[in-house]
Amino acid sequence: MFIAPVAGLDEALAAADALDRTLVTGLLRPRPDRAADLTELARAVARSPLAARVAEAAEKAAAGTAAEDHFVALAAARTALLGAAHDALAARADEVTGRTRAEPPPPAAGDRPPVNLLAAARTWLADLARAGWQGIDHDLVGGAAPIVSAMLPQPELRRQATLLDGLAAELAASCPGSALERIPARRWGDLWSRALLLTEPGATAGAVTGTATGRLLPLGADLHEHATAAQAQVHAVFEPADGTPSRLVRASVSVPKPDTVVAAGVWQLLRPRLSLLAALGEGRAMELDAMPLTDAGDLIWDDERARTGEPADPFATARVALPTATAAPTAPLDRHPARLAEPVFLEGYETRKDGDTLTLLLAGRALPVDTDRIPVASPLTPEAVAASGACVGLLRWDAGEFRLQPLAVETTVRKRTVALHAGAWAGGTTDKNGVKAEKAATDAVTVLRERAGRLLRK
């Protein structure tokens with residue numbers, strides 16, 4: 001699979017990095033070299049509709065006199081550059097897969113959330129920009145707590161609240177900033193820019209645009225696990241009951257978790273929240289009835305609107321239904337290279353391993369495999385991928401190149417073709433290692449519940 005380079009990509013990312021460098025040292029009293037970084041950002045969007053506002057914002061920020069609106073303009077310029085990079089990379093992915101992508105609908109009107117809370121969040125984010133990551137302390141970071149507490153009870157602000165809470169938690173764990181040896185400048189720049197743009201009224205309006213009635217054919221599950229949280233995202237092909245073209249969709253579930261629950265035990269926490277996981281583990285389709293669906297292809301899952309259907313082999317879906325499925329457009333604020341996750345099906349390749357790097361070779365072209373994304377909570381392993389002859393996966397862009405994240409592979413075991421799935425244990429398992437991990441998770445959760453009960457009784 002040959003994916004041609006994208007002209008201008010490196011320059012766009014370099015301009016975004018320029019703003020990230022200014023956020024490291026802060027914009028209260030910017031150094032001369034940081035002023036040059038701001039000029040680089042402004043120059044990168046000089047031919048866009050943002051040109052005048054960003055030029056003014058860069059000038060004010062370089063002088064240390066930037067107001068909140070100027071920080072919003074800088075965040076918008078950074079987001080626009082990464083959005084353009086995303087679009088170019090997505091176009092490259094569509095070229096190699098032959099996939100059609102739907103056009104984004106016009107923006108929808110929505111309820112205007114409380115302006116005072118958004119303004120408070122914007123003020124806190126502006127204070128972060130002035131202090132810089134090297135200047136953060138617990139007093140500054142703690143200023144987010146009352147804002148988050150006021151936002152969380154209001155559904156229309158929960159997205160903003162969750163993002164602010166996550167950013168504040170990461171910063172609090174890194175205080176004081178002056179003692180940090182390494183600063184995740186791009187990650188914190190991503191979170192800061194996104195949070196700042198979400199303080200604009202109407203930024204999250206019109207997320208749900210319709211409903212889905214028809215057959216859902218799962219392709220595989222992408223599992224994300226952290227010390228205190230876990231998320232599963234199921235990628236699937238949706239075939240509408242009205243006969244309109246099939247499309248790619250996703251369904252996600254996220255849960256908090258104790259750090260003692262790991263490996264296959266994570267599925268215990270996710271399983272009760274999303275019946276689709278059981279269908280995936282059993283290799284079955286699901287019948288949907290008016291399931292809420294966003295224009296970006298995300299199902300807002302409701303178990304009351306879904307029932308388990310007939311057997312559906314993900315590899316049969318990948319071979320037959322995936323090639324003709326239309327990809328959903330990406331929501332404006334989600335346009336970022338890190339968000340690329342394009343379902344693909346590959347077969348007839350060879351594999352090569354150089355040290356820890358596994359590569360698939362197709363027609364003499366190399367595609368690196370991102371083995372770090374293979375969850376331990378599954379029978380799928382890097383060794384199985386290396387011995388495989390067919391793969392359902394996600395085409396991602398990371399560290400300057402496209403990589404493949406395997407979701408399932410077909411391999412030969414004792415002269416028989418066997419399919420191994422990253423989500424094979426999602427609905428339960430009889431696998432010896434999986435059963436052991438599930439029992440350990442059950443024991444850990446039971447102990448935690450008993451301790452919590454004793455604390456509450458006291």
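For the stretch 278-378, the residue among V369, P311, A325 whose Cα projects farthest onto the positive side of the dipole built from Cβ charges is V369.
With bins 20 Å wide beginning at 0, the percent of Cα pairs of the chain falling in each bin runs 22, 54, 24, 0.
Label zone of V447 (point 7 Å out along Cα→Cβ, amide N under 17 Å): in the stretch 253-286 this covers 257-266.
From most to least packed by mean Cβ count within 10 Å, the peptides 176-183, 416-423, 217-224 give 217-224, 416-423, 176-183.
The label point for Q154 and the one for T244, both projected 7 Å from the Cα toward the Cβ, are 3.3 nm apart.
Listed by chain and number, the lysines placed with their C-alpha closer than 19 angstrom to that of K257 are K436, K439; residues fewer than eight positions away on the same chain are left out.
If R0 is 22 Å, the Cβ-Cβ spacing of H138 and A185 corresponds to a FRET efficiency of close to 0.60. Relative to the Cα centre, the charge distribution of the chain, modelled as +1 at Lys and Arg Cβ and -1 at Asp and Glu Cβ, gives a dipole magnitude of about 760 debye.
Working from label points 7 Å from Cα in the Cα-to-Cβ sense, the T123 to E287 distance is 5.6 nm.
On the basis of the beta-carbon distance and an R0 of 35 Å, T65 and N116 show a calculated FRET efficiency of 0.90. Entry note, the chain: the mean residue ellipticity at 222 nm calculated from DSSP H runs of n ≥ 4, each adding -39500 (n - 2.57), is -12500 deg cm²/dmol after division by the residues and rounding to the nearest 500. Basic side chains Lys and Arg get +1 at the Cβ, acidic Asp and Glu get -1 at the Cβ, and with that the dipole of the stretch 1-92 about its Cα centre reaches some 60 debye. Suppose the Debye formula is applied to equal point scatterers at every Cα of the stretch 208-324; what is log10 I(q)/I(0) at q = 0.15, 0.16, 0.21, 0.24 Å⁻¹? With no solvent term, the Cα-only Debye profile gives -0.64, -0.72, -1.14, -1.39. In plain terms, the chain from R31 to T324 could stretch by 100.2 nm, reckoned as 0.36 nm per residue minus the Cα-Cα distance.
Select from T357, V413, A390 the residue farthest towards the positive end of the dipole of the stretch 334-421; place +1 on Cβ of Lys and Arg, -1 on Cβ of Asp and Glu, and compute about the Cα centre. Going by the charge dipole, the pick is V413.
Every number in this text was worked out from the coordinates using simple rules, so none of it is lab data. From a predicted model like this one, the values you see are computed outputs, not experimental measurements. Cβ: placed from backbone, ideal geometry, glycine included. Neighbour counts: every protein chain shown.
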